[in-house]
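*Asks:* Sharing a structure, written as structure tokens. Questions coming.
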Amino acid sequence: MSEPDGAAKAAGTAGPMVKAEAVHKHFGRVEVLKGIDLEVASGEVMCVIGPSGSGKSTFLRCINHLEKIDAGRLWVNGHLMGYRQKGDKLYELRDKEVSAQRREIGMVFQRFNLFPHMTAMENVYEAPIRVRREGRGKARERAAALLERVGLGDRKDSYPSQLSGGQQQRVAIARALAMEPKLMLFDEPTSALDPELVGEVLEVMKQLARDGMTMVVVTHEMGFAREVGDSLVFMDDGVVVEEGTPRDVLADPRHQRTRDFLSKVL
Amino acid sequence: MPGSVDTVKPDAAPPEAIKAVPVRHPGRWVAVAVLAVLAAMFVHMLVTNKAFQWSFIIDNAFRPNIVEGVRTTVLLTVLSMVIGVVIGVVLAIMRLSGNPILSGVAWLYTWFFRAVPRLVLAILFGNMGILYTKYHVGGVPFSEQVGDLLGVDMSGTLFSINANTFLTGFMAGLLALALSEGAYMAEIVRAGMLSVDPGQNEAAGALGMSRMQTLRRIVLPQAMRVIVPPTGNETIAMLKDTSLVAFVPVTNELFFQLKSVGDKSFNVFPMLVASCMWYLVLTSVLLVAQHYIERYFARGTALAGERRAGFRALGFGGGK
Ligand SMILES: Nc1ncnc2c1ncn2[C@@H]1O[C@H](COP(=O)(O)OP(=O)(O)O)[C@@H](O)[C@H]1O
Ligand SMILES: [Mg+2]
């Protein structure tokens, strides 16, 4: 937005979609992220696994600046998240500028977080109308197409409470896609679903990956990671313990902690 | 039929609907009988006791000055509630803003206006004229000084109003009621906003919605489900508290008019009965309005359908 245009653009096309350098985060005295270094290339699908409480959600929330990081740097598409750097000094961005940065990033939550007072359609076109100032007609058309794409063309006028968990999560994906993000973050998108509903959500995510979307997916679905993931990251206790292709990490983990974790979930 | 066990018989008739003897509730019938007797006694008393003077009530309850009183009371109720809700929303947002100065100011306001009785406020505002002859409004401090600098007489025109014309009875009464209502509404709105799942804020933020947009489009509409029922309570309380403005004094208000008819004709009791009935009627209208507002804000919840059915069972809603 307000960055020097040339530099940002160049970084946006050539550099990684996400770049994290020594990201630290603590809540009170508890250090939750203890220096995360990661790169997600454009078009890459990165899956993140790790025990509960290891900081996976916190890291995702740092990526779109829902949480402020305490040390380190985090870039998305060449934009330094939450700050503007001039020389050695960092300037906090205003709410408005943070909102602008977030528009490039879609997020899907474990508990869907759909707006319960709006129909599926309204959920999807709310942000395009309010945030992107899209015309109502165009926004509706796109929303309908997106719901069609996630297989819910016939549930446009249903309220979230009238949809199954799997359907709700698909609406949530359509809602995030409506902002035409360059990066999608998924925080355990299938963990709150009944087992028989997991497949339909994963199917939509696979399609999205095939279409070339850059994705960071926190998940316990090892099958999905193996099939769709380009890389797999194992986090434990606020650090990245191991990173590699899903095949390598799952079949032949190098670290004892990874082996212990995998033996519990596989 | 050897070999195959068919559990689903396509031609089987649907099972017979259950016809069971329902559970009896003898206690209910006893209660109904007792209540019926009590009600009959009460109606008998209403009809036979001469003190009610029903014909006097009917003759006097609709006099022009009393209809005017109804108008004033309804107007005061509606206006002070509207202003009170607006103040309440602003104060609640200030309280939850995270800005210590804003939330401190909001706390102070709530503290003061909840502490002072409405009756005292009404009298106080009625006597404000003693303090100043001019009130400066519009939130522009030092306007006179600025005006002096520019050589314009600003005080007389835009930024101040003569106290004696502005704070006449009605305005003083309205201010007293609305400002005090704002304090109560602030707490109700705040509770409503706190009841909304924080995940909603996050989802809206992640979509790039601003704080104001999130508040207006996402949080407040959901908070309304918690806000509306106590606001209905507040409105009914306000309808009755409008009788306090008689002390401002605002004399064209409903209760004052009804009572004055009673006082003048030395028939106090029948007009008190008439007062009860007027307030009952007005409150009932409010209840119906509240029902429709609640139904609107319950959209998208499983409750939406249920409430409709429940209300109909009470004999309110139209249709089948
Ligand atoms: N807002 C918060 N305030 C305090 N502690 C938090 C907060 N959010 C997360 N935590 C703590 O941070 C740690 C990591 O949490 P989280 O990122 O949710 O882990 P994961 O998603 O891997 O299960 C946990 O110990 C959790 O209790
Ligand atoms: Mg988590």
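The values are calculated or read from the model by the stated rules, or taken from the named source; none is laboratory data. These figures come from a predicted structure and were not determined experimentally. Counting neighbours? That spans all protein chains shown, and the Cβs are built from the backbone with ideal geometry, glycine included. Accessible surface is based on the protein model in full, side chains and every heavy atom, while ligands, DNA and RNA are left aside. Shrake-Rupley method; radii C 1.70, N 1.55, O 1.52, S 1.80 Å.
*Asks:* Cβ-Cβ under 6 Å, sequence separation 6+ or interchain: first residue in region A:155-174 and within 11 Å of chain B (Cβ to nearest Cβ), partner assigned to a helix (DSSP H, G or I). Which pairs?
*Replies:* A:158/A:120; A:160/A:168
*Asks:* Can you pull out the residues in region B:189-235 that are surrounded by fewer than 19 Cβ atoms within 10 Å (Cβ to Cβ), in a helix (DSSP H, G or I), facing chain A (nearest Cβ under 10 Å) and small (Gly, Ala, Ser)?
*Replies:* B:199
*Asks:* Can you go through A:35, A:55, A:106, A:82 and tell me which one is within 16 Å of ligand 1 (Cβ to nearest atom) and within 29 Å of residue B:97 (Cα to Cα)?
*Replies:* Criteria check complete, one pass: A:55.
*Asks:* Restricted to region A:55-74, and to residues that are within 14 Å of chain B (Cβ to nearest Cβ) and away from ligand 2 (no atom under 16 Å from the Cβ), which residue is least open to solvent (accessible area, probe 1.4 Å)?
*Replies:* Taking the candidates together, the pick is A:65.
A quick yes/no check of all residues on (1) more than 16 Å from ligand 2 (Cβ to nearest atom); (2) farther than 26 Å from residue A:180 by Cα; (3) without any contact (Cβ under 8 Å) to a residue 12 or more places away in the chain:
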position	(1), (2), (3)
A:47	no, no, no
A:76	yes, no, no
A:82	yes, no, no
A:96	yes, no, yes
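*Asks:* I need a count of the residues in region A:175-198 that are farther than 27 Å from residue A:130 by Cα and either among the basic types (Lys, Arg) or free of Cβ contacts under 8 Å to residues at least 12 places away in the same chain (or both).
*Replies:* So the answer is 2.
*Asks:* Restricting attention to region A:98-119, which residues are assigned to a loop (DSSP other than H, G, I, E, B), under 27 Å from residue A:221 (Cα atoms) and in contact (Cβ under 8 Å) with a residue 60 or more places away in the chain?
*Replies:* A:104, A:109, A:110, A:111, A:112, A:114
*Asks:* Step by step: first the residues of region A:112-146, then only those that are touching a Gly at 6+ places or on another chain (Cβ under 6 Å) and either away from chain B (no Cβ under 14 Å) or at negative phi (or both), then the one that is nearest to ligand 2 (Cβ to nearest atom). Which residue is that?
*Replies:* A:116
*Asks:* Do you know which of the residues in region A:207-238 that are within 16 Å of ligand 2 (Cβ to nearest atom) and open to solvent by 10 Å² or more (accessible area, probe 1.4 Å) is nearest to the other protein chains (Cβ to nearest Cβ)?
*Replies:* Among those that are within 16 Å of ligand 2 (Cβ to nearest atom) and open to solvent by 10 Å² or more (accessible area, probe 1.4 Å), it is A:220.
*Asks:* Does region A:176-219 hold any residues that are of a type outside the set (S, T, N, Q) and within 16 Å of ligand 1 (Cβ to nearest atom), and which are they?
*Replies:* Of everything in region A:176-219, those that are of a type outside the set (S, T, N, Q) and within 16 Å of ligand 1 (Cβ to nearest atom) turn out to be A:185, A:186, A:187, A:188, A:189, A:192, A:216, A:217, A:218.
*Asks:* Is it fair to say residue B:186 is open to solvent by less than 30 Å² (accessible area, probe 1.4 Å), more than 14 Å from every other protein chain (Cβ to nearest Cβ) and free of Cβ contacts under 8 Å to residues at least 12 places away in the same chain?
*Replies:* no
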